[in-house]
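Working notes, structure below.
Bear in mind these aren't lab numbers, they're just calculated from the coordinates by the rules spelled out. Everything numeric in this text was worked out from a predicted model, so none of it was measured. Because the Cβ atoms are built from the backbone with ideal geometry, glycine has one as well, and the counts that use them run over all protein chains shown.
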Amino acid sequence: MQTAASSISSASHPPDADHSLRAGRLGVIGIVFFVIAAAAPLVGMTGALPAAIVLGNGAAAPGAYLLAGLTLLLFSVGYAAMSHQVTNSGAFFAYIGRGLGLHLGVGSAFTSLIAYLAIHLSLFGFFGGLMAEQVGMLPWWGWSCVAWVAVTWLSLRSVDVGAGVLGVLLSLELLSLVITAVAIFIKGGPEGVDFAASFNPSNILAGGLAGSAGIALAFAFASFIGFEATAIYGEESVNPKRTVPVATYVAVLLITLVFAFTAFAIVTGLGAGTAVDKVVELSSVDGTPLVNPANVLFTLATQYVGGWLASVMQVLVLSSLFAGLLAFQNSASRYLFALGRGGTLPAALSHVNARGAPSAGSITTSVITALVIALFALNGLDPVLNMFFWFSGLAVVSILLIEILVCVAVIAYFRREPGDANVFQTLVAPVLAIVGLTVGLYLLMSRFGLLTGAVAEGVDPTTTAWGLSGLGWFMLLLPFAVLVVGYFFAIARHKEDKELIQDVIS
């Protein structure tokens, strides 16, 4: 391990301000805003939850969200323990590099970067498609470009400016969900509050992991992507050795509670016994279910609160997507910054501007997203069915793969350097998380066709697992291939870039 003298000094006293993120800008709340914005709760409740109810385990879908959240909470125990040892905007790959070696750290860095760029691109497609449908005036790619300009500008500002914007948007988003849920519970719904229907383990696992329960859990795990970004902001936080662990726990607990609580309220509002039929009815367009899944929540908001809230929610879905765009722009740009600083990618990517933002990484992220938006637009591909579903499926498989490696790295690191962490933090919780995340990854991979629509001709993804098209197999295996190629790339370079995984806050 490098000594404090050889590591990069605290960003509050940087030797080179052009290559150091600005320290002390974010506290626990600021980081939590970025993380929950990335999870986009309102988008999850209007998009993923109706699909989890109809295609998955029905009224027990809230339990699937709770189970996924508990698994990720176990992951957070080891993740938080590792954040005490390493503060680095590379987060995932810095932890993996410290635990499993620099070469695997580099491989995981490229897979992580693909994950953040992919989810960023998916949200650009969803935002553009939704704006074109609800507002009109511009084609989907026109609205995506409007968001692109705003996100790029905000990402080049001081990180606390972005946190302030997200704080306002996120507060309104969460308030709308809480108001709807509380109103439903007060009035009781058509069948009253049926806790067992949603949270009895036998109901959650009904249909088996290869069937309906597995589908629901796949959608649930996909909804949590982005929570792990707490460590990415460590270099810019106040007292990162404390702030990052606290922010991680707060973010995971809040996201889990919001998802499970709101999902349970929606099931209660529909009636547990008729939840599947009601979702099919409310989300159908021309007899095809789940074409308009957002109408489920909007209808309940109108019924239990008033039409005004449904109208507000339609706007907040768009602001939720925008908040997610800003959050993932920041994540991707900081990964590029860390890779440039560590010497794995060109050093120019490690430049920051006068406000302490990773300007080179942010501009590079924006250039990549602009090129992909143009590619999809010129080829006439659909912003939602293609851009959103393809890239979101790729992203969530990538993230779960890396999270499993982080858990293994935590165990390996603390076996060598036990420090003052206890056995639950460094062994028990990571092992349990590995089991849960591996199951989650298998479920996501087996239902990749259902998540992305990239299925072989004649295959019904709601009943058949693994029936992927050539494109589907390519996207599914890409994270693993990039991990392997990155590993051997690091070996072939014959250069150990220890700066890539060092603790930059001594």
Item checked: Point-charge dipole on Cβ atoms (K/R +1, D/E -1) for the chain, about Cα centre, debye to 20 -> 840 debye
Notebook entry, point to check: Taking Cα pairs under 8 Å and at least six residues apart, what relative contact order does segment 416-475 come out at, in percent?
Noted result: 24 percent
Margin query: Relative contact order for the chain: what percent, with Cα pairs under 8 Å and sequence separation of 6 or more?
Written below: 33 percent
Check: When Met82, Met475 are ordered from fewest to most other Cβ atoms inside 10 Å of their Cβ, what list results?
Finding: Met475, Met82
Item checked: Other-chain or far-sequence residues with amide H under 5 Å of Ser237's (modelled H) -> Gly24, Arg25, Leu26
Next item on the list: Return one number: the angle in degrees, 0 to 90 and rounded to the nearest 10, between the long axis of the Cα atoms of helix 159-187 and the longest principal axis of the Cα atoms of the chain.
Entry: 30 degrees
Notebook entry, point to check: Around Phe185, with a cut-off of 14 angstrom between Cβ atoms, what is the net charge of the other residues, counting Lys and Arg +1 and Asp and Glu -1?
Noted result: -1
Checklist line | Between helix 61-83 and the chain: long-axis angle, C-alpha atoms, 0 to 90°, nearest 10 | finding: 10 degrees
Checklist line | Value of [θ]222 nm, deg cm²/dmol, for the chain, DSSP H segments ≥ 4, -39500 (n - 2.57) each, nearest 500 | finding: -22500 deg cm²/dmol
Notebook entry, point to check: For segment 268-282 and segment 415-493, what is the separation of their C-alpha centers, rounded to whole Å?
Noted result: 32 Å
Next item on the list: Quickly rank 301-314, 436-449 as a protection proxy: mean count of other C-beta atoms within 10 Å, highest first.
Entry: 436-449, 301-314
Next item on the list: Apply 1/(1 + (r/R0)^6) to the Cβ-Cβ distance of Ala370 and Val285, taking R0 = 22 Å, and write down the FRET efficiency to the nearest 0.05.
Entry: 0.10
Margin query: Quick check on segment 411-472: take the gyration tensor over C-alpha atoms, sort the square-rooted eigenvalues as a ≥ b ≥ c, and tell me if it's rounded (a/c under 1.5), prolate or oblate.
Written below: prolate
Next item on the list: Between Leu209 and Val431, take the C-beta separation as r, use R0 = 22 Å, and let me know the FRET efficiency to the nearest 0.05.
Entry: 0.70
Next item on the list: Please give, to one decimal in nm, the separation of the simple spin-label points placed at Ala150 and Asp420, each 7 Å out from Cα toward the Cβ.
Entry: 4.6 nm
Check: For Ala481 and Ala354 in the same chain, what is the full-extension length gain: residue separation times 0.36 nm, less their Cα-Cα distance, in nm?
Finding: 42.0 nm
Margin query: Around Ser284, under 13 Å between beta carbons, what's the net of Lys plus Arg minus Asp minus Glu among the other residues?
Written below: -2
Margin query: To test your reading of the geometry: what angle, between 0 and 90 degrees and rounded to tens, separates the Cα axis of helix 28-39 from the longest principal axis of the chain?
Written below: 50 degrees
Checklist line | Global form of segment 177-269, assessed from the alpha-carbon gyration tensor, a/c cut-off 1.5 | finding: oblate
Next item on the list: Could you order peptides 102-111, 377-386 by the average number of other Cβ atoms within 10 Å of their residues, highest first?
Entry: 102-111, 377-386
Check: What FRET efficiency do you get for Val238 and Glu191 if R0 is 45 Å and r is their Cβ-Cβ distance, rounded to the nearest 0.05?
Finding: 0.40
Next item on the list: Enter the Cα centre distance for the pair segment 178-230 and segment 54-68, rounded to the nearest angstrom.
Entry: 4 Å
Note to self: Need one word for the chain: rounded, prolate or oblate. Basis is the Cα gyration tensor (sqrt eigenvalues a ≥ b ≥ c); a/c below 1.5 gives rounded, then a/b vs b/c decides.
What the structure shows: prolate
